[in-house]
Every structure is written in structure tokens, then in C-alpha cells.
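K.L.:
Have a look at this one.
The values are calculated or read from the model by the stated rules, or taken from the named source; none is laboratory data. This one's a predicted model, so the numbers in the text were calculated from it and none came from an experiment. With ideal geometry, Cβ positions are generated from the backbone for all residues, glycine too; neighbour counts draw on all protein chains shown. For the accessible areas, the whole protein counts, side chains as well, though only heavy atoms, and no ligand, DNA or RNA atoms are used. Shrake-Rupley method; radii C 1.70, N 1.55, O 1.52, S 1.80 Å.
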Number of protein chains: 2
Amino acid sequence: MALIVHKYGGTSMGSTDRIKNVAQRVAKWHDAGHQIVVVPSAMSGETNRLIGLARQISDSPDPRELDMIASTGEQVSVGLLAMALHAIGKEAVSYAGWQVAIKTDSAFTKARIQSIDDAKVRADLDAGKVVIITGFQGVDGFGNIATLGRGGSDTSAVAIAAAMKASECLIYTDVDGVYTTDPRVVSEARRLKTVTFEEMLELASLGSKVLQSRSVEFAGNYRVPVRVLSSLTDPLMPLEEEADSGTLISFEEDSHMEQAVISGIAFNRDEAKITILGVPDKPGVAYHILGPVADANIEVDMIIQNQSVEGKTDFTFTVSRGEYTKALGVLEGIKDEIGAASVIGDAKVSKVSVVGVGMRSHVGVASQMFRTLSEEGINILMISTSEIKISVLIDEKYMELAVRALHKAFDLEKA
Amino acid sequence: MALIVHKYGGTSMGSTDRIKNVAQRVAKWHDAGHQIVVVPSAMSGETNRLIGLARQISDSPDPRELDMIASTGEQVSVGLLAMALHAIGKEAVSYAGWQVAIKTDSAFTKARIQSIDDAKVRADLDAGKVVIITGFQGVDGFGNIATLGRGGSDTSAVAIAAAMKASECLIYTDVDGVYTTDPRVVSEARRLKTVTFEEMLELASLGSKVLQSRSVEFAGNYRVPVRVLSSLTDPLMPLEEEADSGTLISFEEDSHMEQAVISGIAFNRDEAKITILGVPDKPGVAYHILGPVADANIEVDMIIQNQSVEGKTDFTFTVSRGEYTKALGVLEGIKDEIGAASVIGDAKVSKVSVVGVGMRSHVGVASQMFRTLSEEGINILMISTSEIKISVLIDEKYMELAVRALHKAFDLEKA
């Protein structure tokens, strides 16, 4: 007997028929002798409907009141799922985050979980009940409802699994796992049986949005094994088969790692690059350029400062394309003050990254990446590296070509 | 400066535009220097939508889980109203019942309020905020959400007004007050400026469903002045005019009472009458007949036991028409056991009542009522009286005629 947390996304909860499917799947796991905690999202479209109502009232609704409203979608889901389990003869009870309680800070609409008191949940599990807990939300120290932000139900599920020392957290979603790259770009893309948390973080933050990054961080910090798998399969498929499907996100590099050096190719099409030319090279230049950008709430990704020539340097960084115009405006505003010659930019660039923990123990990944791109005639605009990732910025029009070439060069189509 | 509770029904909260109207009305009262607590219902249709989802899952959903779902409609309303107040520059904060806390028993879907802790609310009011509290719900001793049943937001508003010793509880609804009878039946029906709680109880329970009966009981017990008034007027109408509109439900008979002996004519079309004939008349006969009816969860209204003749009696009672067949079945089942001759019934009867506290000090109301009906050729099937009400059961086809004749006979069209 194991304690297992199931998380179901909005699509899986999208209608009362789908909720009945979820109930069948949960009951199957419970019948096999496991203790099951379920964390469902709001029915698909519901959170948007609620936020839409708020926007009809106010362009900038108060975050506390927005959380009051947005949190109701999950509350409806947990009640309906409990009923669906009752209808097939399973004992089940639902809780809102505040009832558990899941304690958060007071950063409404983007709160962070501080603690989970699992006494009530554990008593119900021991009494043979399935326990269903609202995702996406908790309660702050003053008794206010606080939500974790979009996608927060993943984080709720992982946090509950961590607090309760669950043996696995199963994230049921509308994809059947994590792929070596986006199958819409490379038809040979292959589902990974395992990835490490670090790889998953890089894959997620680089655009393979299967899981909310924060939930992956949480899982990594608390060593919760997380499996991403499909909720679109037959709910009554054999449990052993289901338990082995999807992609396991593991913290045990050695035992679970597949042989490949590289796990996947991530990419982000919507990048933009800004260069400030002829900046006097003196201490504090990076701060004087990036400080105002950060103050404008613009997130900067890759950063390069050129080798200084005759006391002048060029400084280049990337932002997401949606913030390009705003960022250009900030730099034009400070250009004279810092004595720069001019500001130029390019909003048609994309980022492609190879990701894999195998890189740590293998040399030559970078050179193979660069050679592959060179052979395809793709010019590299910027390079950024981390322990388990190499990213390059390239002209947007070559993005698909680069991803396909790298996928093939690193043999990712082969298991 | 007074503390005033406003309650808005689902129609008043039916769209974001209507919610903005409510905010304007509330702001007007607040601007006049009053402390305002608002208790809004769910947006019209929302509670039915939520219960509909539950019914798609289960024919007999678990009451606790039903409350988990049904309570979310009001939570959305309070958040939206807070935002609408912010948007016009008013400080406002919303609370769910459990946050106040409004403590209830654990009778899910029909819970009763046990206590209200108003410390948080009072602090907010003193800080100049409008406080908005979910109607229809509270939290039981185990931290479960419990709803008060349909129409429960009226009860919430009155209970909050009582707990906080508010000077008045204004119930904004889609009618502009309590009438001498249904204007759809008698075009001369007139709005009452005041009624007493007892009259209101009789008028409400007899079919003039302006307010939930329980809220009227509550108001009477705790001596909270309640005013029923329209939310369909211009929200910016002069406050003095609005404060004097609608119908005041008062506990001060003498000071507020209008001159008339009778306040109104109530009626209930959908009645049914059942008679069990030739019952051996011995102690316990009423219990042996009505016990099984109560066990079948059928509510009995009027009851008559005939004068016994040769040790046999006839026993007649009324039920609501929807339960007629079920009640007949129950009696057929026990007929032989109690030695009765036969069971007969009539499902085409209606009840008409004259209501008024003036009856207490005036004789002749009953005789005037019976004479009026007699002059119209209407046969009385059953009679039931209380201190402030006389009800008669008549053939359904005479109901409108009886109501019109009585309305005229008691001069109710005259102020």
C-alpha cells in the first residue's frame, strides 16, 4: 500500500462526464489498495470565466478579491469529484485549501505555500476515504484566500505529496509525457521515460510547458517523484500499464537516467535582442543598464558584454518579444546618461537549447551543437551555457531547421 | 451615523452592470455617513447552474459536497461587488461565511446559524470600509461549509443585522414591497407601508414569498427592523426617499400599525385534501394516521377530526398537491390496520387566508369572511384559525373570486 497523489488538469475535469472518468481512474487506484489524495484543477474555461467577470468590473481588480473569486473554480471541482466517487461506491471527502489547512503567504494571485497541516487528511485516508483537495489555493495568516497563480494546481499537488511523503505524485494532463522536443516541430520526437528535475526545469522554462516550473522546483527540493501522464487514456486500463506510462521526473540521476547525453531540445520562438553600443567601460556599467530594465519589470534572459576596445564596450541582452518595445524605450531613455553611442535591436530571433544532465560528464556537446548549426548554415547570434544546458540565439526563420538538425545530431529519435 | 445591513438578491446581482448599480447604491448610503454591511446572493442562475452540475453527477448528491459547490456562487458575488466599490473609490472588503465566522450546525443544505463573531467586521467598519459577506452559508464546528438552504441569504442578512445590532436590515429585491394580496390576482392590491413580523410570517408561509420565512422568524426573535424594497429603482435616487420606500416589517405593533384590521389576503392554489372515513374513534387515532404520513416526510397543513358518530369518525387533512398521490398511498397502506372504511381525496382545492394582527382586538372578522364567501356562492370545505389568521379551504376554481371578494370586503384597496 502506498500513498499516491493524483493531479488532474482543467481539460481532464472539463465536463461532468470527464469527471466521472476521473472518478473511475481514482477508484481503480484505490481498489488496488493505495491511499489516494486527488488535486483537481477548475473545469476548463472556468478560471477564465471568473477572471473575465472581474475584468468587466475593473481593469485592475484588487488581488485579494480576485483570489476570492478565482478560487471558487477548484472548489466546485472537488465537490463534483467527491460526488462522482460516491456515485460509484467510494467514500470520498473534499476540502478547500483553507480547510486542510494549506498555509500561504499573502502575495495574492501569486502566493507561495508555507506549510501544510495534513492531520485531517491523514485521518480520512486511514478511514479508507479518498481525499480531494482544491489545487491552486491556500489561506494566509489572516484567514484570506490566496491563490498560487496560473498552473498553481501542479504546485499544490507536489506540495501536498511532499508534506505527506507520498511515494509518487501523478500529474494527469492532456499530453502523455515529456518529449525530446515538440512533436509538432520534429515528427520523430520521442517520449522520455524519465528526466531529472534539473532537466525538466530547463525544458519547462524553455518552453516545453508540461508542468509549471515552480512545481518542478518544489518536487526537486523535496525529492518528490513526479510522473506526467495522460488523462485521455481509458480510465480502466490495467493499473500496472498506467503506472509505467508517461514520463517520470526523478531525482535519482544514476538509476533512472537513460543512456543519452542529451535529453531534449527546447526552444522559444518569441525572443528579442537589444544591443547598446559604445558604452564607456567602467565599473557598474551592467548595473546602470540593467537596473532601469528591471525597474520597468522586464525580465532579461541572455546577457553578453563584449570585450572592451579603447575603453568602450557593447552590451547585449535578450527579452521576450512582447517586452521588446518597452525595453527599447527604457534604454533610449538612459542612453545619454551613461554615455552610450546608440541602441539597436532585433525582434525576430529565437532561442534553441540542448538540455541534459549527461553533459556534466561528457565533453564535446557544445562543439557538436555548433558544428551541426554551422553545417546547416545557421549563424549563432549569442551563446549561453549552464551545467546541463547550452542555448543559442539564432534568426527566427531558422528555428525549426535548427531544432530538427539538433534532434537528429544527438540521436534523440532513438530510444 | 447608523449601522445598516443591505441584502441584494440574485436578480439585483444578475450581471456585472447590475453589480455596478448595487455598488453605486451602497456608496450613496456610505457617503451619507452610515456604516454598511452588504450581503449579496449569487448571480441569478448561478446556484441553479451549480446544482445542475451536481445532478449530472449524481441523483442524490452528498449534502456536504453539495454545499461545497453551491456556496461558491455567493463567494464570486462578494468579490465582484468589492471590486465594483473599489472602482468607484470606496474601500471595501469581502468575506466568506467561514471567514467572519458565521457558525452553523452541520445540517448541510439546511443549516441553522448558531453564532456570528463580528470582531473582524466591526474593525473594518470602524476603519471606514464597506464590508461584504457571503449570504446563504456559514461554517460548522468541524470547519465544513454549510448552506442555509434556498433563500438563505435573507436569513444571513437578518442574522448579521441581529448580531451587530444594526438599526435596519434593507432587503433589496425585485418587488417594491409587501402587498395586500398578489397584484396579478387583484389589480387593486396595495403596497403596505408596514406589517408586523407575525403578519409577514403568515403572509410568507401562505404563499406571498417575498422573504424566506426563516429570516422573518429570525428578525422577529431578535427584533431587527427589516425593510423590503426594490433594487430596480435608480441607484442614485435621493436617500431619504429610498429609506422610506418599500414595506417595513416591524415589531412595534402599536406605533407602526396601520388602521386596518386585516393586512392582507394570502392564498395557496396547490393544495390537496385527503379524508379517511369510518375510523374507529379511540385514543391515538390521530397519531396512528398522521405518524406514517410524517414518517414519509409529507408535511400536513390543516387537520379536522369530525364529531364521532356510533364510535366511528372521519379524519381529514391537507397536504401540498405535489404530495397528494404519495399521501394517498400511505393511507391506503394503513387503512386496514386501523380499521377504517375507506380513503377519499380531492386534489383540486385551494387555501385562502385573511391575515392581520388587528384581528386580536376585533371581533367579527371570521363572520365577515364567511358571509363574503357565502354571498359569492363559495362553499367552505375546511376552516383553520390562528390568533392573526383565518384560513379556508375551497374549490380551486373559486380561488381568484374569493381573493378578490375578500380584498374588497375588508377595504384593502384603501390606504
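K.L.:
Give me the inter-chain shielding for A:73-81: mean count of other chain Cβ atoms within 10 Å, whole number please.
P.N.:
6
K.L.:
Here's something else I'd like to know. Please report the equivalent ellipsoid semi-axes of region A:207-252, computed as sqrt(5 x eigenvalue) of the Cα gyration tensor, largest first, in whole Å.
P.N.:
Largest first, region A:207-252 gives 23, 13, 7 Å.
K.L.:
If you don't mind, another one. Nm distances between the label at A:A294 and the same-position labels in the remaining copies, 7 Å along Cα→Cβ, shortest first?
P.N.:
7.5
K.L.:
How long are the semi-axes of the equivalent ellipsoid of region A:127-215, taking √(5λ) for every eigenvalue λ of the Cα gyration tensor, in whole Å from largest down?
P.N.:
Each semi-axis is the square root of five times an eigenvalue, giving 29, 16, 11 Å.
K.L.:
Are there any chymotrypsin sites (Phe, Trp or Tyr not before Pro) in region A:147-242 that are in a DSSP loop and have at most 16 other Cβ atoms within 10 Å? List them by number.
P.N.:
Hits after loop and neighbour filter: nothing returned.
K.L.:
Starting from a label point 7 Å past Cα on the Cβ side, list the distances from A:P183 to the same position in the other copies, nm, shortest first.
P.N.:
Going from nearest to farthest copy, the values are 6.4 nm.
K.L.:
Here's another thing I want to ask about it. Leaving out same-chain residues fewer than 8 places away, which aspartates and glutamates sit with a Cα under 13 Å from that of A:K90?
P.N.:
Hits, sequence-local ones excluded: A:D31, A:D124, B:D62.
K.L.:
Ignore the peptide's own chain and count Cβ atoms of other chains within 10 Å of each Cβ in A:42-51; give me the average, rounded.
P.N.:
1
K.L.:
Separate question: Which entries of B:K351/B:K397; B:K326/B:K389; A:K103/A:K165 show an alpha-carbon separation above 19 angstrom in the structure shown?
P.N.:
Distance filter (> 19 Å) returns B:K326/B:K389.
K.L.:
Within chain B, which is the longest segment containing none of the trypsin sites (Lys or Arg not before Pro) that sit in a DSSP loop and have at most 12 other Cβ atoms within 10 Å?
P.N.:
B:224-413
K.L.:
What whole number of Å gives the distance from the Cα centroid of region B:66-123 to the Cα centroid of region A:1-55?
P.N.:
Taking the Cα centre of region B:66-123 as reference, the centre of region A:1-55 is 26 Å away.
K.L.:
Another question, then. Once you keep just the Cα pairs under 8 angstrom separated by 6 or more residues, what percentage relative contact order results for chain A?
P.N.:
Relative contact order, chain A: 14 percent.
K.L.:
Pull out a ≥ b ≥ c, the square roots of the eigenvalues of the alpha-carbon gyration tensor of region B:3-256, then state rounded if a/c is under 1.5, prolate if not and a/b is larger than b/c, and oblate in the remaining case.
P.N.:
Note, shape of region B:3-256 comes out rounded.
K.L.:
I need the Kirkwood Rh of region A:61-177: take the reciprocal of the average 1/r across all distinct C-alpha pairs and report it in angstrom.
P.N.:
14.6 Å
K.L.:
Can you name the helices of chain A, as whole DSSP H runs, whose Cα span along the helix axis is 18 Å or more and whose Kyte-Doolittle mean is not below 0.5?
P.N.:
What comes out of the filter, once short or polar helices are dropped, is A:72-87.
K.L.:
For the interface of B with A, what's the total buried accessible surface in square angstrom, probe 1.4 angstrom, rounded to the nearest hundred?
P.N.:
3300 Å²
K.L.:
Also, quick follow-up: Would you mind telling me which residue in A:T196, A:T155, A:T372 has the biggest mean-square fluctuation in a Gaussian network model of chain A, where springs connect alpha carbons within a distance under 10 angstrom?
P.N.:
A:T372
K.L.:
Also, I was wondering about something else. Using a 1.4 Å probe over the heavy atoms of the protein chains, calculate the carbon and sulfur portion of the accessible area of the protein assembly as shown as a whole percent.
P.N.:
Answer for the protein assembly as shown is 49 percent, counting heavy atoms of protein chains only.
K.L.:
Turning to a different aspect of this structure: Among chain A residues, which Cβ is nearest the axis of the A-onto-B rotation, and at how many Å?
P.N.:
Per the A/B rotation axis, the closest residue of A reads A:T72, 2.
K.L.:
Compute the Rg/Rh shape ratio of the protein assembly as shown: radius of gyration over Kirkwood radius, all on alpha-carbon atoms.
P.N.:
With Rg and the Kirkwood Rh in hand, the quotient comes to 1.11.
K.L.:
Report D for region A:199-356 in µm² per second (integer): Stokes-Einstein, Kirkwood Rh on Cα pairs, 37 °C, 0.692 mPa s.
P.N.:
Rounded to a whole number, D works out at 175 µm²/s.
K.L.:
Shortest first and in nm to one decimal, what separations exist between B:K165 and its copies in the other chains, measuring from label points 7 Å along the Cα-to-beta-carbon line?
P.N.:
Nearest first, the other copies' label points are 5.4 nm away.
K.L.:
Here's a follow-up. For chain B, what is the calculated [θ] at 222 nm in deg cm²/dmol (nearest 500), taking -39500 (n - 2.57) for each run of four or more DSSP H residues and dividing by its residue count?
P.N.:
So the calculated ellipticity at 222 nm is -10500 deg cm²/dmol.
K.L.:
Loop-only GluC sites (Glu not before Pro) in region A:311-415, please: DSSP not H, G, I, E or B, and at most 12 other Cβ atoms within 10 Å.
P.N.:
Here the GluC sites (Glu not before Pro) that fit, given the DSSP loop and packing criteria, are A:E337, A:E387.
K.L.:
Next question. Taking B:K193 as the anchor, which lysines have their alpha carbon closer than 18 Å to its alpha carbon, excluding any fewer than eight residues away along the same chain?
P.N.:
Partners found: B:K209, B:K414.
K.L.:
Here's a follow-up. Could you compute the net charge surrounding A:L201? Neighbours are other residues with a C-beta less than 11 Å from the C-beta of A:L201; K and R count +1, D and E count -1.
P.N.:
-2
K.L.:
Would you please name the chymotrypsin sites (Phe, Trp or Tyr not before Pro) within region A:92-160 that are DSSP coil residues with at most 13 other C-beta atoms within 10 Å of their C-beta?
P.N.:
A:F142
K.L.:
Across peptide A:91-102, what mean number of C-beta atoms from other chains lies inside 10 Å of a residue's C-beta?
P.N.:
3
K.L.:
Ignoring ligands, DNA and RNA, what accessible area per residue does region B:116-208 give at 1.4 Å, in Å²?
P.N.:
33 Å²
K.L.:
Can you give the percent of C-alpha pairs in region A:10-56 whose distance is more than 13 Å?
P.N.:
Here the tail beyond 13 Å accounts for 62 percent of pairs.
K.L.:
Alpha carbon centre of region A:126-142 versus region A:307-371: separation in Å?
P.N.:
Rounded to whole Å, the Cα centres lie 44 Å apart.
K.L.:
Per Stokes-Einstein, at 4 °C and 1.567 mPa s, what whole-number D in µm² s⁻¹ belongs to region B:264-409, with the Kirkwood radius over Cα pairs as the hydrodynamic radius?
P.N.:
The Stokes-Einstein estimate is 80 µm²/s.
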